[in-house]
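Input: a single structure, listed below in structure tokens.
The values are calculated or read from the model by the stated rules, or taken from the named source; none is laboratory data. Bear in mind the structure is a predicted one, so any value in this text is a computation, not a measurement. Note that we place each Cβ from the backbone using ideal geometry, even for glycine, and neighbour counts take in every protein chain shown.
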Amino acid sequence: EADIYQTPRYLVIGTGKKITLECSQTMGHDKMYWYQQDPGMELHLIHYSYGVNSTEKGDLSSESTVSRIRTEHFPLTLESARPSHTSQYLCASSRTGSAGELFFGEGSRLTVL
Amino acid sequence: QQQVKQSPQSLIVQKGGIPIINCAYENTAFDYFPWYQQFPGKGPALLIAIRPDVSEKKEGRFTISFNKSAKQFSLHIMDSQPGDSATYFCAASKGGATNKLIFGTGTLLAVQP
């Protein structure tokens, strides 16, 4: 079992609210990622980090921001949520040199009304 | 730009059948090709992976076939079971310290009893 945890699992909020999705891993992995998963299944990389104080935007443009102050923690923040942000957000991690084996959390399903 | 094309989008087979999911890639620099399995309400999990120096890899009932010249790879599930019903993603990466996985669009598999 992978030790990567996401909270909350489900969140329903109103438009304009600020939200933070938490992601923590206990495996000591350097690399962490945020994916957005559409209802139609496709996974889109929105943010990634190769280590502390390193963050990059992914292939899909997102209004969210991330931070990486500690190795184990990679939170995602939306300053002002909109209905278009409704989606499933998946956090993942991998160790340097793993060739691409990602360990995923169970996801945070966000609904913005 | 979709660099990994996956088909079919959905697939229904009877128990004991052999579902086949296909993926094609464009970037010849890719050197790692994993398949991920995702059950409802869970994050994707690594199922099996292959490198381009071999043409086939088997792990239990799951087999990857790889055709480097055609830039295609496929997942075969032998003696499929209802418990195999899930979404399957192929992926590819270039390796190296900054490797990122590029995911296919996913295939929803239903194995009927």
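Residues of the range B:86-113 being free of Cβ contacts under 8 Å to residues at least 40 places away in the same chain and farther than 19 Å from B:Gln3 by Cα, which ones?
B:Ala97
Taking the range B:1-29 as the range and being of a type in the set (A, V, I, L, M, F, W, C), at pLDDT 95 or above and surrounded by 15 or more Cβ atoms within 10 Å (Cβ to Cβ) as the test, the residues that pass are B:Leu11, B:Val13, B:Ile20, B:Ile21, B:Cys23, B:Ala24.
Given the structure, is B:Ile48 touching a strand residue (DSSP E or B) at 6+ places or on another chain (Cβ under 6 Å), without any contact (Cβ under 8 Å) to a residue 40 or more places away in the chain and within 30 Å of A:Tyr10 (Cα to Cα)? Spelling it out, B:Ile48 is indeed touching a strand residue (DSSP E or B) at 6+ places or on another chain (Cβ under 6 Å), without any contact (Cβ under 8 Å) to a residue 40 or more places away in the chain and within 30 Å of A:Tyr10 (Cα to Cα).
Every condition in (1) within 14 Å of another protein chain (Cβ to nearest Cβ); (2) surrounded by fewer than 20 Cβ atoms within 10 Å (Cβ to Cβ); (3) within 15 Å of the chain's Cα centre (by Cα) is met by A:Thr20 except one, and the failing one is (1).
Yes or no, residue by residue, for (1) within 10 Å of the chain's Cα centre (by Cα); (2) under 29 Å from A:Leu60 (Cα atoms); (3) polar (S, T, N, Q):
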{"position": "B:Pro52", "(1), (2), (3)": "no, yes, no"}
{"position": "B:Gln72", "(1), (2), (3)": "no, yes, yes"}
{"position": "B:Leu75", "(1), (2), (3)": "yes, yes, no"}
{"position": "B:Asp79", "(1), (2), (3)": "no, no, no"}
{"position": "B:Asp84", "(1), (2), (3)": "no, no, no"}
{"position": "B:Ile102", "(1), (2), (3)": "no, yes, no"}
{"position": "B:Gly106", "(1), (2), (3)": "yes, yes, no"}
{"position": "B:Val111", "(1), (2), (3)": "no, no, no"}
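Of the residues making up the range B:30-45, those that are surrounded by 12 or more Cβ atoms within 10 Å (Cβ to Cβ) and closer than 27 Å to B:Pro113 by Cβ are B:Trp35, B:Tyr36, B:Gln37, B:Gln38, B:Phe39, B:Lys42, B:Gly43, B:Pro44, B:Ala45. Within the range A:32-81, the set of residues being over 17 Å from B:Gly43 (Cα atoms), among the charged types (D, E, K, R) and within 14 Å of chain B (Cβ to nearest Cβ) comprises A:Glu56, A:Lys57, A:Asp59.
One residue is enough: does the range A:91-106 have a residue meeting the conditions at the interface with chain B (Cβ under 8 Å from one of its Cβ atoms), touching a residue at least 24 places away in the same chain (Cβ under 8 Å) and surrounded by fewer than 20 Cβ atoms within 10 Å (Cβ to Cβ)? The answer is yes, given that some residue of the range A:91-106 is at the interface with chain B (Cβ under 8 Å from one of its Cβ atoms), touching a residue at least 24 places away in the same chain (Cβ under 8 Å) and surrounded by fewer than 20 Cβ atoms within 10 Å (Cβ to Cβ). Highlighted here are the strands (runs of 3 or more DSSP E) found entirely within chain B that include at least 2 residues which are hydrophobic (A, V, I, L, M, F, W, C) and within 14 Å of chain A (Cβ to nearest Cβ): B:20-25, B:33-38, B:45-50, B:86-92, B:107-112.
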